[in-house]
1. If the reach is capped at under 15 angstrom between alpha carbons, list the aspartates and glutamates near LYS130, excluding any in the same chain fewer than eight residues apart.
2. When DSSP assigns beta bridges and you keep just the ones with both residues in the stretch 21-180, what percent turn out antiparallel, to the nearest 5?
3. Which value, in debye to the nearest 20, describes the size of the charge dipole of the stretch 43-121 about its Cα centre when Lys and Arg Cβ atoms bear +1, Asp and Glu Cβ atoms bear -1, and nothing else is charged?
4. Of LYS21/LYS162; LYS21/LYS77; LYS95/LYS222, which ones are farther than 27 Å apart at the Cα?
5. Just the number: Rg to Rh for the chain, Cα atoms, Kirkwood Rh, two decimals.
6. Along the stretch 106-123, what does the Karplus equation 6.51 cos²θ - 1.76 cosθ + 1.60 (θ = phi - 60°) give for ³J(HN,Hα), rounded to whole Hz, x for Gly and Pro?
7. Could you work out [θ]222 nm for the chain from helices alone, using -39500 (n - 2.57) per DSSP H run of at least four and dividing by all its residues? Round to the nearest 500 deg cm²/dmol.
8. Estimate the FRET efficiency between ALA207 and CYS98 by the formula 1/(1 + (r/R0)^6), using the beta-carbon distance for r and 22 Å for R0, to the nearest 0.05.
Amino acid sequence: MNIVLILSGGVGSRISSDVPKQYISVNGRMMITRCIEAVLSCREVDALLIAAEPSWQSAIENEAARYAGRDFSERFKGFSEPGSTRQLSIYNGLKRICALSATDDTVILHDAARPLVTARTLSECIAACKEHDGAMPALPMKDTVYISDDGKGISALLDRKKVIAGQAPEAFRLGRYLAANEALMPDRILSINGASEPAVLAGMDIAVIPGDEGNYKITTDKDLDRYMRHLREAENIH
């Protein structure tokens, strides 16, 4: 089984909005429901779980059922509680998924704030997990990358050919990835920033697949403006 966990528990503090960014309605639809529809367009996805605050769950379910229809009703497996950090939200979701899946199944983690993910990217992540413990899309660095120890001067130069920018979705063998997270409980998991970090720390074999510049994360107001322009062009709305 391939089961996607959409992470939708953040507050989006860098967006000028009264509601979390993933629930902003653009052209009559919340960002998260566009993400759900994109995820379900991948036929290899067997099931879907969403980490979201209880206060938003009914709105998510109602709108997703309206727009994704049968795909949503047949593959949606419910909600999990968000944690105090992104990685704790993942951990809560993993425990919920274990009741639905076998340990050799694949869990795919994705952000509600990346609504433009393609079925191709999801398929490639899932396919890579057949040969590896996990997979993530990544983009090459276009800029020269430096280290600054004090934030005021240059301390070292990195070889940008060896530096990549990771994206979501990130896919993992469920059993090994759950164990990697449990090994960091209860304190070390609080310092984790990226979903692949526990896997790397545990020595899991993580493959890199080509990233997609269109699969950007909506983090700032400029990102939101870019997303809105994309929808206007795609839906021919003026």
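1. Cross-link targets: GLU44, ASP104, ASP105, GLU170, ASP205.
2. Around 80 percent of the beta bridges assigned by DSSP in the stretch 21-180 are antiparallel ones.
3. On the way: 10 positive and 11 negative charges, 23 e Å.
Taking the Cα centre of the stretch 43-121 as origin, the dipole is about 100 debye.
4. LYS21/LYS162; LYS95/LYS222
5. On the way: Rg = 17.9 Å, Rh = 18.5 Å.
Radius of gyration over Kirkwood radius for the chain works out to 0.96.
6. 10, 10, 10, 9, 9, 9, 4, 7, 10, x, 9, 4, 9, 4, 4, 4, 4, 4
7. Values: 7 runs with 84 residues, N = 238.
Rounded to the nearest 500, it is -11000 deg cm²/dmol.
8. According to the calculation, E is roughly 0.40.
Every number in this text was worked out from the coordinates using simple rules, so none of it is lab data. As the structure is a computational prediction, the values presented were derived from the model and not from experiment. Cβ sites come from the backbone with ideal geometry, for glycine too, and all protein chains shown count toward neighbours.
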